[in-house]
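The values are calculated or read from the model by the stated rules, or taken from the named source; none is laboratory data. Note that the structure is a prediction, hence the values are computed from the model and not measured. Note that each Cβ is placed from the backbone with ideal geometry, even for glycine, and that neighbours are counted across all protein chains shown. Ligands, DNA and RNA are stripped out before the accessible areas are found, and what is left, the full protein with its side chains, is counted by its heavy atoms. Shrake-Rupley method; radii C 1.70, N 1.55, O 1.52, S 1.80 Å.
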Amino acid sequence: MKNKKIAVVIPSFNEEGNIDVMVQSLHQVLDNLNYDYDLIFVDDGSSDRTLEKLKSLSQFDDKLFYIELSRNFGHQNALKAGIDMANADAVITMDGDMQHPPELLPEILQKWEEGYDVVYTKREEDDHQSYFKKKTSRGFYDLMNKLSEIKFEPGTADFRLMDEKVVAVFSNFSENELFIRGLVNWLGFKQYAIDYKPSKRFSGASKYTLKRMMRFALQGITSFSI
């Protein structure tokens, strides 16, 4: 019987210090599971050696693929580019800084095998986050739930699995200002949440500046509010 295939999509913007450990960790976890798999990195207009590293690694790794975007289009658009290119029975999206733990993948895949179409994650309280980040994050979800008909759970992240039938519907969207966690929530399907404790960023600094966080919040509010 042919193994099911999964694709792991990882948007990468100036993540040269995380690429090697991310690839190694994913192989270590996925090689012990009974799936065929692809690792699809999306270089989102990096100005460091991220793309160079991906090109080099892909020459010796037949499971590693990369997409080179012509400029920095932003995390959400990079995610969608990878999802649209994937050819698999299920697609898993996660960040490339090791804060989304690869060790959680077996549990995510188990819930998919049990019949859930979307398996998403909810971040538990992060000891590494600043008071300001925690406060603004809680405020964002409180505001969204007051304004929107869709209910958003605090701590939800773009660390999720989508079955191929969900991906087929999702890929038809052509929004200019994407808010993917809202779109996936809005789509419905059979969904299951897994709580996780975020790991510490392995290398580098967060790319979500205050300006980027504000823009991301506005995308969510304008897309899913009355």
- Query: So which residues in region 85-116 are of a type in the set (Val, Ile, Thr) and either open to solvent by 30 Å² or more (accessible area, probe 1.4 Å) or under 20 Å from HIS75 (Cα atoms) (or both)?
  - Reply: VAL91, ILE92, THR93
- Among the residues listed as LYS55, LYS63, LYS2, the single one being open to solvent by 20 Å² or more (accessible area, probe 1.4 Å), touching an Asp or Glu at 6+ places or on another chain (Cβ under 7 Å) and of a type outside the set (A, V, I, L, M, F, W, C): LYS63
- Pairs only if they're at least six apart or on different chains, beta carbon under 7 angstrom, first in region 30-45 and touching a residue at least 40 places away in the same chain (Cβ under 8 Å), second exposed (fewer than 15 other Cβ atoms within 10 Å of the Cβ); list them, first residue then second. LEU33/PRO106; TYR35/ASN3
- Residue by residue through region 34-47, note down the ones that are open to solvent by 30 Å² or more (accessible area, probe 1.4 Å) and at pLDDT 95 or above. TYR35, ASP36
- Please determine, by comparing only the residues of region 169-181 that are part of a helix (DSSP H, G or I) and under 29 Å from GLU103 (Cβ atoms), which one is modelled with the lowest pLDDT. ARG181
- Of the criteria (1) farther than 28 Å from ARG49 by Cα; (2) open to solvent by 10 Å² or more (accessible area, probe 1.4 Å); (3) modelled with pLDDT under 80, which one GLY155 fails: (2)
- Message: I need every pair where a residue in region 169-193 that is under 13 Å from TYR120 (Cα atoms) has its Cβ under 7 Å from the Cβ of a residue that is part of a helix (DSSP H, G or I) and at pLDDT below 80, sequence separation at least 6 or different chains.
- Response: GLY182/GLY220; GLY182/SER223; GLY182/PHE224
